[in-house]
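Some notes on the structure that comes next.
The values are calculated or read from the model by the stated rules, or taken from the named source; none is laboratory data. On a predicted model such as this, the values are computed, not experimentally measured, just so you know. Cβ coordinates were reconstructed from backbone atoms using ideal geometry, including for glycine residues, and neighbour counts include every protein chain displayed. The protein model used for the area step is the full one, side chains on, heavy atoms only, and it has no ligands, DNA or RNA in it. Shrake-Rupley method; radii C 1.70, N 1.55, O 1.52, S 1.80 Å.
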Amino acid sequence: MLTDVAVLSILIEESTKNKQAFYPPSTATEITNTSVKIDYLDETAARILLIDYVYKNILKNWLYTVIGDVMAHLDKVNKQKLPEESELISHLNLPAGSIQMTENSFIKKLQSSGRSLVVFYGSQTGTGEEFAGRLAKEGIRYKLKGMVADPEECDMEELTKLKDIPNSLAVFCLATYGEGDPTDNAMDFIEWLKTDQDLTGLNYAVFGLGNKTYEHYNAVAIYVDKRLEELGASRIYELGLGDDDANIEDDFITWKDKFWPSVCEKFNIESTGEEELTRQFRLITHSPDELKPNEIFTGEISRLLSLQNQRPPYDAKNPFLAQIKVNKELHKGGDRSCLHIELDISNSNMRYEAGDHVAVYPINDSNLVDRLGLLTGANLDEVFSLINTDQESTKKHPFPCPTSYRTALSHYIEITALPRTHILRELVEYCTDEEDKKRLLLMATNSPEGKALYQSFIVDACRNIVHILEDIKSCKPPLDHLCELLPRLQPRYYSISSSPKLYPETVHVTAVVVKYKTPTGRVNKGVTTTWLADNKPEPGKPFPRVPVYIRKSQFRLPLQSQTPIVMVGPGTGLAPFRGFLQERAHARASGKPVGDTVLYFGCRHRDQDYIYQEELEEYVRNGDVILNVAFSRDQPEKVYVTHLLENNLDQIWDIIGKRNGHFYICGDAKNMAVDVRNILVKAIIEKGGRTEAEAVQFIKKLESMKKYSADVWS
């Protein structure tokens, strides 16, 4: 019989030989770099590590492969009879049912359940997954029973076999983020598409989720749509492009309302005309004595008790509970607030570089949570579970269960988001007033009147689910159905405003507190910044804690410190450049040659919102930065950073055109970043002697060489 230590040793040995085959990159890196010395592990420690690395961090659908290769290795080395899978699991003394072998063949799942529609999603914030679920659900109306699938959990090579299922169709709802990048769960699929495949006979359609303020608008969806056709697949309906800067809900509805008739024509089928409003999850209410306290989720993202028993590696599913060591106001006046926050990441093994992002998991406003409980007549402390009615789905719960309603509304559900039209359609069923029903039903349609009403009542008025239930008084949905319908609460990402050269054990965040009055007279608040503003360290009390993890970025300083750089960052766009300045100043103090470091910063008033003023002026005195500051409202004529840039075209061309420098932008994507890019084009034309077309190509070349970088948001 194998010992736990032996199994763990072989797993680590095999994983380091072929990391890509067994583990996602982050996990492979952690195992490769582990400082654990196997020789000194006792059996208890080995068992804990084995469970942690194998069953917690490795994707479930790779588990058979891992065990199979380990057993093959043992057979080859020891020439002994392989233990059965059940024998291996039995030896680990794990409770029955604690290990679930998940079948990653979506073809088998389709065949066994009589389905022919599979909707894959690439989602970073949950919207792509939501759209995929809506399409799969609507398939029933067209006699196409569907399933939602995460490409990361599927053997995507099976796309070549989908044609063997009659009337089969694959739909892809794919988001683009960053610099035209696929979402984390779609990366492997995109890489697979780049290889030579024969997808003849595959029927497909693609809907993209993007934002027009970004240069690489819907790049992933555009690529997948084109590549599938190149590989021989048949496009059922034209590519759909959703714009999150405008109204992505409207884009999606408009696309799918034309998509379904094309599907009907292709497969010679008709709509049943009936809209299915079946629940995706069934409710289980747990009695007070049914579960022990340590069996109930209290805010953990994935693993039960993970926030109480912290174990690296820390990532999106296993965040680190960081102490808030510093939380102070940066503004010196005015009616706005900007926070400087320092998060302690010591003892986390997390590393960051200047330019990276920190993800912060927020908690919803307790007043909103209580209000939603009152409006639905629910006992917020009741413990419940929502179980997927689809046995084939890899998503067993919409969020960690079992949990209490209070925890779900506080940690897992986005209650401040503007509800999409499909949620309004579901709310119709819970209205007792006919006029209320008509109004909600109209907003859920794709008619011009419905779109206009949705725009005015929901979007323009900034009504969240609490406001809707307050204003449509006859609507009384059960809270468990709202928990099913509303999207997951997502982490918020902030550009790190520090350098590990100076602050290796803390991560600094610079964030404006979001707070505004809506047309209905209500005051809406940003989820994360409001929570952070309320959690300041107090003398004699434990430091507040918040779950975080580090997300790597391509926003990087040049490798050579002598390379000149230009940075444009008005407002909190200054954040990553504060880290850059710290890094360059540290290099200069260490005796390294440092090139020109030019910063353009802007704010409203010198005496109110000039953040980090003392630090910046100290850098100027030390010769670490050439500073250009625009105070937009300190004079009758508004002056922005773009005005300062236009006055310095010679300097811009000298750095990027003559001295091989780098150019950085951070901040508003919709206006500022576009204006700055246009000024850059102007500098290349006027000072570099290029045509407009040549100037545009010049910038694209800079981008490809990572000499032009943007960290922007809309």
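Taking residues in segment 137-166 that are within 13 Å of residue 104 (Cα to Cα) and without any contact (Cβ under 8 Å) to a residue 40 or more places away in the chain, and partners anywhere that are polar (S, T, N, Q) and surrounded by fewer than 16 Cβ atoms within 10 Å (Cβ to Cβ), not one pair has Cβ atoms closer than 9 Å while being at least 6 places apart or on different chains.
Of all residues in segment 314-335, those being open to solvent by 20 Å² or more (accessible area, probe 1.4 Å), within 22 Å of residue 184 (Cβ to Cβ), not hydrophobic (A, V, I, L, M, F, W, C) and not in a strand (DSSP E or B) number 2. Looking at the structure I just gave you, is residue 220 out of contact with any Asp or Glu (no Cβ under 9 Å at 6 or more places or on another chain) and either under 17 Å from residue 144 (Cβ atoms) or open to solvent by less than 40 Å² (accessible area, probe 1.4 Å) (or both)? In short, no. Do we find that residue 627 is of a type outside the set (Ser, Thr, Tyr), in a strand (DSSP E or B) and open to solvent by 30 Å² or more (accessible area, probe 1.4 Å) in this structure? Considered against the rule, which asks whether it is of a type outside the set (Ser, Thr, Tyr), in a strand (DSSP E or B) and open to solvent by 30 Å² or more (accessible area, probe 1.4 Å), residue 627 comes out as yes. Scanning segment 316-345 for residues being among the acidic types (Asp, Glu) and at pLDDT below 95 gives a total of 1. Hey, can you tell me all the residues within segment 660-678 that are surrounded by 19 or more Cβ atoms within 10 Å (Cβ to Cβ) and of a type in the set (Val, Ile, Thr)? Of everything in segment 660-678, those that are surrounded by 19 or more Cβ atoms within 10 Å (Cβ to Cβ) and of a type in the set (Val, Ile, Thr) turn out to be 665, 676.
A single entry from 575, 585, 589, 533 fulfils the requirement of being surrounded by fewer than 24 Cβ atoms within 10 Å (Cβ to Cβ), touching a residue at least 12 places away in the same chain (Cβ under 8 Å) and out of contact with any helix residue (DSSP H, G or I) (no Cβ under 9 Å at 6 or more places or on another chain): 533.
Based on what the data block shows, is residue 371 surrounded by 16 or more Cβ atoms within 10 Å (Cβ to Cβ), in contact (Cβ under 8 Å) with a residue 60 or more places away in the chain and farther than 23 Å from residue 247 by Cβ?
yes
Being over 15 Å from residue 645 (Cβ atoms) and assigned to a helix (DSSP H, G or I) is a property that does not hold for residue 670. Only residues that are in contact with a helix residue (DSSP H, G or I) (Cβ under 6 Å, 6 or more places away or on another chain), closer than 19 Å to residue 452 by Cβ and surrounded by fewer than 21 Cβ atoms within 10 Å (Cβ to Cβ) were counted in segment 424-441, giving 3. Can you name every residue in segment 225-258 that is assigned to a helix (DSSP H, G or I), open to solvent by less than 40 Å² (accessible area, probe 1.4 Å) and touching a residue at least 60 places away in the same chain (Cβ under 8 Å)? Result: 248, 249, 252, 253, 256.
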